[in-house]
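Let me begin by presenting the structure, written as structure tokens, before commenting on it.
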Amino acid sequence: MRRMVRKNYLLPVEITARLRSMVKSGRYATESEVIRKSLLHMIDLEARRAEEVSKELDGLAEETAKYLPKGKTAGQLVDEAHLEESHGS
Amino acid sequence: MRYYFDASALVKRFKLEKGQETVRKIVHEASLGAHEIHSIYWARAEFYAAMRRGNVPQELAARNLRALGRIILFNPVTSEIVEDALNLIYELNLHTADAVHLATCTNLACEAILTDDEHMVGESVKKHLEKHAVKLINLKENP
């Protein structure tokens, strides 16, 4: 089991740390079971992080929408900003 | 999939209008690791200018950029990109900013470009993108 967390396996630090604690706990019988559980845990963490980022962006979009003019598209706003800078109007 | 967002696609994430859901979906999938989203560092300045044009407070514009920066890779402006853009300004009769976006997109070998900019969806740009096997996603058409 020790071989699994050796440096030449190139596992990310987070997974290696998690594997160590799982191996030490003695709850898992095989290497593959430990790796599977560990990867599932990482995937779950990533999914939660993605949800948080999406929620944050949705909140920011709602707040930003209060200011942005309704009659203009995103493309038109960028275009107008370019023109404003070119002509200083 | 490897996407490229121009400045208008970045602004679209915060504009509740046609095409926003496409941007939202791709950004969410990228945060799950399903895609890579690239843009150019210069687009951050364009984004800021558009936010100011829309009277969005600076603090909110900065928060928006920080949140986008957690998902989107803002690539540096290199001399190679500028050289490619110089050719596109003449070849396709493009504005400087549009030429820089197009040059960056092909330089980074992106597979699709998202835009809400009418200058980026002309026939000559479409042909150029086809030549480089880049799919054009026109957000005005609510894909």
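If N is the number of residues in region B:2-125, what value comes out of its Cα radius of gyration divided by 2.2 N^0.38 Å?
Numbers: Rg = 14.0 Å, N = 124, 2.2 N^0.38 = 13.7 Å.
Cα-based Rg divided by the globular estimate yields 1.02.
Just how many % of Cα pairs in the protein assembly as shown lie over 24 Å apart, if you round to the nearest whole percent?
Details: 13618 of 26796 pairs.
So the pairs more than 24 Å apart make up 51 percent of the total in the protein assembly as shown.
Computed from Cα positions, the angle between helix B:42-53 and the longest principal axis of chain B comes to roughly 50 degrees.
Using the C-alpha atoms of region B:23-96, what convex hull volume per residue, in cubic angstrom, is computed? Walk me through the intermediate numbers first.
Working: hull volume 8.9 nm³, N = 74.
Convex hull of Cα atoms, per residue: 120 Å³.
Stokes-Einstein at 25 °C, 0.890 mPa s, Kirkwood radius from Cα pairs: D for region A:18-68 in µm² s⁻¹? My calculation gives 183 µm²/s for D. Suppose only helical runs count, i.e. DSSP H with n ≥ 4. What mean residue ellipticity at 222 nm does that imply for chain B under -39500 (n - 2.57) per run, divided by all residues and rounded to the nearest 500 deg cm²/dmol? Calculated from helices alone, the mean residue ellipticity at 222 nm is -16000 deg cm²/dmol. Cross-link check: pairs B:Lys15/B:Lys135; A:Lys70/B:Lys126; B:Lys12/B:Lys127; A:Lys66/B:Lys127 evaluated at a Cα-Cα cut-off of 32 Å; pairs beyond the cut-off: A:Lys66/B:Lys127. The ranking of B:Phe74, B:Phe5 from fewest to most other beta carbons within 10 Å of each one's beta carbon is B:Phe74, B:Phe5.
Pairs of Cα atoms nearer than 8 Å and 6+ residues apart set the relative contact order; for chain B it is 33 percent. Each of A:Tyr67, B:Tyr90 was scored by other Cβ atoms within 10 Å of its Cβ. Arranged with the fewest first, they read B:Tyr90, A:Tyr67. Neighbour counting of Cβ atoms within 10 Å sorts the residues A:Ser25, B:Ser8, B:Ser31, fewest neighbours leading, into A:Ser25, B:Ser31, B:Ser8. FRET efficiency for the pair A:Glu33 and A:Asp58, taken as 1/(1 + (r/R0)^6) with r the Cβ-Cβ distance and R0 = 41 Å, rounds to 0.65.
Report the equivalent ellipsoid semi-axes for region A:42-89 in whole Å, largest first, defined as the square roots of five times the eigenvalues of the gyration tensor built from alpha carbon atoms. Please list the in-between numbers first.
Details: eigenvalues 236, 33, 12 Å².
Whole-Å semi-axes of the equivalent ellipsoid: 34, 13, 8.
For region B:14-54, what is the convex hull volume of the alpha-carbon atoms per residue, in Å³?
Numbers: hull volume 3.1 nm³, N = 41.
Value for region B:14-54: 77 Å³ per residue.
No lab work stands behind these numbers, since they all come straight from the coordinates. Note that the coordinates shown come from a computational prediction; the quantities given were computed from them, not determined experimentally. Cβ: placed from backbone, ideal geometry, glycine included. Neighbour counts: every protein chain shown.
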